[in-house]
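K.L.:
What follows is a single structure, and I will ask about it in a moment.
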Ligand code: DGL
């Protein structure tokens, strides 16, 4: 069981930000990554469609013997994690915007959440806010269009800069001193986000806590692999030509992304 892979999925390349932290923390694990690029973006799709995609992908990963699955996508976690946990017996680890850490970090008592509309409109986010936020102002910023331009992989793209200019400075002008990256695509452009936010602003990326939670769950169940370095395999359901460039930029790996039809 311990040598079985860990499955990780997202709508596209965003989950590579999580895979990167997992690779640092658990270098011996075999990883299978699926980018559901045929259905990207998830952020503007219905809960039912995302639930269906998440179920199909999870089913595939479990059929490939994955010992755990990481839903490396805030939008899919919000839409589908409850159903996934009732449908599959392997540990399913999700991700949600780092609201609690942000409430602990902010001095101005104003935080900005950058996420997809799907995540911000979901019940899960409403519950999260109720649990952790009392006297703090939360500014929501649905980042429509940003995932698609990040997925295209060109950090000099004019459209990318226009969107960042539209979404980030207004949050800072309204007093936010802490920004939460509530979409796994956003850590891939964290330096650019920091440029638009300014040097004083805290930027919270929950990738490491997710990797820590995965390690905790595998350790508890005695499922950690302690053999030599793990093997990584990448799949995508669509045809993003930049997939391999981003794998190489993010992870320093020259890897093929295989086509997968689910
Ligand atoms: N990376 C995803 C997230 O964390 C979703 C992006 C999308 O496909 O809209 O929400």
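K.L.:
Report yes if some residue within the range 68-84 is over 17 Å from residue 10 (Cβ atoms) and buried (at least 17 other Cβ atoms within 10 Å of the Cβ); otherwise report no.
P.N.:
Here is the first cut: in the range 68-84, the residues over 17 Å from residue 10 (Cβ atoms) are 82-83.
Add one more test, that the residue is buried (at least 17 other Cβ atoms within 10 Å of the Cβ), and what stays is none.
The answer is no, given that none of the residues of the range 68-84 is over 17 Å from residue 10 (Cβ atoms) and buried (at least 17 other Cβ atoms within 10 Å of the Cβ).
K.L.:
Kindly indicate whether any position in the range 99-110 is assigned to a helix (DSSP H, G or I), farther than 18 Å from residue 5 by Cβ and within 11 Å of the ligand (Cβ to nearest atom).
P.N.:
Scanning the range 99-110, I find no residue that is assigned to a helix (DSSP H, G or I), farther than 18 Å from residue 5 by Cβ and within 11 Å of the ligand (Cβ to nearest atom), so the answer is no.
K.L.:
Here's something else I'd like to know. Could you check the range 228-256 and list, in sequence order, the residues that are part of a loop (DSSP other than H, G, I, E, B) and more than 24 Å from residue 53 (Cβ to Cβ)?
P.N.:
Passing the criteria: 228, 229, 230, 231, 252, 253, 254.
K.L.:
Additional query: Evaluate the following for residue 103: is it over 20 Å from residue 43 (Cα atoms) and either touching a helix residue (DSSP H, G or I) at 6+ places or on another chain (Cβ under 8 Å) or surrounded by fewer than 17 Cβ atoms within 10 Å (Cβ to Cβ) (or both)?
P.N.:
yes
K.L.:
Let me confirm something: among 168, 111, 136, which residue is farther than 29 Å from residue 218 by Cα, in contact with a helix residue (DSSP H, G or I) (Cβ under 6 Å, 6 or more places away or on another chain) and modelled with pLDDT under 95?
P.N.:
136 is the lone residue from the list that is farther than 29 Å from residue 218 by Cα, in contact with a helix residue (DSSP H, G or I) (Cβ under 6 Å, 6 or more places away or on another chain) and modelled with pLDDT under 95.
K.L.:
Do the conditions hold for residue 13, that is, is it within 13 Å of the chain's Cα centre (by Cα) and either over 18 Å from residue 258 (Cα atoms) or part of a loop (DSSP other than H, G, I, E, B) (or both)?
P.N.:
When the stated conditions are applied, residue 13 passes them.
K.L.:
Does residue 56 fit the bill of being at pLDDT below 95 and more than 13 Å from the chain's Cα centre (by Cα)?
P.N.:
On the way: at pLDDT below 95: no; more than 13 Å from the chain's Cα centre (by Cα): yes.
The answer is no for residue 56.
K.L.:
Evaluate the following for residue 21: is it more than 10 Å from the ligand (Cβ to nearest atom), under 13 Å from the mean Cα position of the chain (by Cα), modelled with pLDDT of 95 or more and in a helix (DSSP H, G or I)?
P.N.:
Here the answer is yes, as residue 21 does meet what is asked.
K.L.:
Run down 179, 204, 214, 223 and say which single residue is in contact with a strand residue (DSSP E or B) (Cβ under 6 Å, 6 or more places away or on another chain), surrounded by 13 or more Cβ atoms within 10 Å (Cβ to Cβ) and over 24 Å from residue 147 (Cα atoms).
P.N.:
Among 179, 204, 214, 223, only 214 is in contact with a strand residue (DSSP E or B) (Cβ under 6 Å, 6 or more places away or on another chain), surrounded by 13 or more Cβ atoms within 10 Å (Cβ to Cβ) and over 24 Å from residue 147 (Cα atoms).
K.L.:
Quick check on the range 188-196. Is at least one of its residues under 24 Å from residue 25 (Cβ atoms), in contact (Cβ under 8 Å) with a residue 12 or more places away in the chain, in contact with a helix residue (DSSP H, G or I) (Cβ under 6 Å, 6 or more places away or on another chain) and loosely packed, with under 15 Cβ neighbours inside 10 Å?
P.N.:
Checked the range 188-196: no residue is under 24 Å from residue 25 (Cβ atoms), in contact (Cβ under 8 Å) with a residue 12 or more places away in the chain, in contact with a helix residue (DSSP H, G or I) (Cβ under 6 Å, 6 or more places away or on another chain) and loosely packed, with under 15 Cβ neighbours inside 10 Å.
K.L.:
Taking the stated definitions as given, is residue 86 farther than 19 Å from residue 55 by Cβ, assigned to a helix (DSSP H, G or I), free of Cβ contacts under 8 Å to residues at least 40 places away in the same chain and more than 16 Å from the ligand (Cβ to nearest atom)?
P.N.:
The answer is no for residue 86.
K.L.:
Considering only residues of the range 28-67 that are within 13 Å of the ligand (Cβ to nearest atom) and in a loop (DSSP other than H, G, I, E, B), which is surrounded by the most Cβ atoms within 10 Å (Cβ to Cβ)?
P.N.:
Per the stated criteria, the residue is 42.
The values are calculated or read from the model by the stated rules, or taken from the named source; none is laboratory data. The shown structure was predicted, so the numbers you read here are calculated from the model rather than taken from an experiment. With ideal geometry, Cβ positions are generated from the backbone for all residues, glycine too; neighbour counts draw on all protein chains shown.
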